[in-house]
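The values are calculated or read from the model by the stated rules, or taken from the named source; none is laboratory data. Source: prediction; values computed, not measured. Positions of Cβ are backbone-derived with ideal geometry, glycine not excepted, and every protein chain shown enters the neighbour counts. We work out accessible area using only protein heavy atoms, side chains counted, and drop any ligands, DNA or RNA first. Shrake-Rupley method; radii C 1.70, N 1.55, O 1.52, S 1.80 Å.
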Amino acid sequence: MADKLIIFDTTLRDGEQSPGASMTKDEKLRIARQLERLKVDVIEAGFAASSNGDFEAVQAIAHAIRESVICSLSRANDRDISRAAEALKGAQRARIHTFIATSPLHMEKKLRMTPDQVLEQSRQSVRFARNLCDDIEFSPEDGYRSDMDFLCRVLETVITEGATTINVPDTVGYAVPELYGDFIRTLRERIPNSDKAVWSVHCHNDLGMAVANSLAGVKIGGARQVECTINGLGERAGNCSLEEVVMAVKTRRDYFGLDVGIDTRHIVAASRMVSQTTGFVVQPNKAVVGANAFAHASGIHQDGVLKARDTYEIMRAEDVGWSANKIVLGKLSGRNAFKQRLQELGVALDSEADVNSAFAKFKELADRKSEIFDEDILALVSDESVTHDKEQYAFVSLSQHSETGERPHAAIVFTVDGKEVSSESDGNGPVDASLKAIESHVKSGAEMVLYSVNAISGSTESQGEVTVRLQNSGRVVNGVGADPDIIVASAKAYLSALNKLQSKADRVAAQG
Ligand code: KIV
Ligand code: ZN
């Protein structure tokens, strides 16, 4: 029988650490449900000790998800570990993932600890964690740049203390495939009790090699767990991408000889959900989930695919969920059909009032747009006015005038803490005028570092989805807004970003 490759998804923890990708508890819960539908083996739900928000998100996910193991990250200290254990109470299967840096650079400059102190803290932490939970993962942060002899001592020690998974991060994305594979193999060969733990790879994508390095860790090094994120989301250049690593192992089973439990038909929906939630748009030529991943533009390719699909296709689009892009609801669909579709999409609204509010928005949209796709529904429920989140700013209405040769003008009405305000402005274009109208009232002083528009379902009839990234006092946030009118979508995205700037999301960074 082939070995199983464990898929550990860290979209909600390492992915969320990406500046601007922070998610609310409800958003995380929705993504966790989609990850469960994907049959992800382990979901890293957050870093419970980093903030109250993260604690609550881990707790909510631990209660809601029954199939996947739910994991919380924690630094290697008793307080963090206790917080993780507490947040995980109620989980069907829980894992505590504790980490401490082991590279000379991190120990000396960041931790200001000697190697002996790091070794002792690793031992104590895993011993402490093991008393609270049976499933313990240990990561030597910046493991790949650590001294081999020292790393062997640390890892042998934590396995003796009961760590059940050993994860070897390439924290800064410095590795190359062959060397990383050899590194894992050497660790496994040199550590006498290495067979008592599952070995795991965790690669960052700074040199674009996260997937290749992870696969080398599996093939050459013998790792049996891969840590990854949907769309490769993550800090800097991101993490190893789940969809790529899973499809590589499935498509090249002849080479890897491993089983993967993922239900790949839910991959595209997961990718869209993460991209719509975070505002991190997927590039069209991204493997597996990019809009062009299965599109054949050249005549020769089209001809070949029509004659025999496998001339140019090594995977079937429908196997990763592309065929799911169909009209799901229309103007005449009732509340029950809408509610059922929400359930199928893994969206659990908190109350009947939220369902009613979402249904009213759906009806409004269906009046303006004849075909409603899953993406439209997901965009609609991401709208803060539907969920119960108490937001400071909410869109009400907008009118704008633009004519060739004249300077565009916009007048907007929005609410501030429930009270309606109106504001007007000129601008270089109608979007600029609308956002300036908001800013002239709010005076956030935030700098816009990104503005992007995307058609949710492909045609000019589709909703425009706008992402606005704002930066203020060192914080970076993304706001997303959707509407068939892209100027309204832009105003909604701007207000959503302002709401996120307002929320006090102070948290401890995992690699801080
Ligand atoms: O990249 C890294 O080192 C991490 C650890 C905290 C596991 O994400
Ligand atoms: Zn990481």
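Note on GLN392 and SER440: the extension gain reaches 15.7 nm, defined as 0.36 nm multiplied by sequence separation minus the Cα-Cα distance.
In the full protein context, the chain carries 42 Å² of accessible surface per residue, based on a 1.4 Å probe and ignoring ligands, DNA and RNA. Simple spin-label estimate for GLU344 and ASP310 gives 3.1 nm between the two label positions (7 Å along the Cα-to-Cβ direction from each Cα).
So for the chain, what percent of the C-alpha to C-alpha distances run longer than 39 Å? Pairs farther apart than 39 Å: 28 percent. Relative to the current alpha-carbon distance between ALA317 and ASP254, full extension at 0.36 nm per residue lengthens the span by 20.7 nm. Using just the Cα positions, wrap region 166-307 in a convex hull and report its mean projected area in square nanometres, one decimal place. If you wrap the Cα atoms of region 166-307 in a convex hull and average its projections, you get 10.1 nm².
For the residue pairs LYS39/LYS89; LYS89/LYS219; LYS250/LYS286; LYS89/LYS110, the C-alpha atoms sit more than 24 angstrom apart in LYS89/LYS219; LYS89/LYS110. Counting only other residues whose beta carbon sits under 14 Å from that of THR157, what net charge do I get with K and R as +1, D and E as -1? With Lys, Arg at +1 and Asp, Glu at -1, the net is +1. Please list, by residue number, every one of the GluC sites (Glu not before Pro) in region 404-484 that is coil in DSSP and has at most 15 other beta-carbon atoms within 10 Å. Sparse-neighbourhood loop GluC sites (Glu not before Pro): GLU406, GLU461.
Take every Cα pair under 8 Å whose residues are at least 6 apart in sequence, average their separation, divide by the length of the chain, and the relative contact order is 12 percent. Share of carbon and sulfur in the accessible area of the chain stands at 50%, probe radius 1.4 Å. Electrostatic bookkeeping for ARG407 treats Lys and Arg as +1 and Asp and Glu as -1; over the other residues with beta carbon under 14 Å from its beta carbon, the sum is -4. Projecting the Cα positions of LEU12, PRO192, GLY90 onto the charge dipole of region 3-278 (unit charges on Cβ atoms of Lys, Arg, Asp and Glu, taken about the Cα centre) puts GLY90 furthest along the positive direction.
Calculated FRET efficiency, GLU352 to LYS39, Cβ-Cβ distance, R0 = 45 Å: about 0.90 to the nearest 0.05. Angle between the Cα long axis of helix 335-344 and the longest principal axis of the chain, 0 to 90 degrees, nearest 10? Result, in degrees: 30.
Each other residue within a Cβ distance under 10 Å of VAL477 adds +1 if Lys or Arg and -1 if Asp or Glu, for a net charge of +3. Going out from 0 in 5 Å bins, what whole percent of all Cα-Cα distances in region 3-278 drops into each bin? Spelled out bin by bin, region 3-278 gives 1, 7, 14, 18, 21, 19, 13, 6, 2, 0 percent. Dipole orientation for the chain: of the candidates ALA360, VAL40, GLY479, VAL40 has the Cα lying most toward the positive pole (charges on Cβ; Lys, Arg +1; Asp, Glu -1).
Given a cut-off of 27 Å, name the pairs among LYS25/LYS331; LYS419/LYS492; LYS307/LYS369 whose C-alpha atoms lie farther apart than that in the structure shown.
LYS25/LYS331; LYS307/LYS369
Using the reciprocal of the averaged 1/r over all distinct C-alpha pairs, how large is the Kirkwood radius of region 393-502 in Å?
13.9 Å
In this Cβ point-charge picture (+1 for Lys and Arg, -1 for Asp and Glu), the chain has a dipole of about 680 debye about its Cα centre.
Here the mean projected area of the convex hull built on the C-alpha positions of region 23-101 is 4.7 nm².
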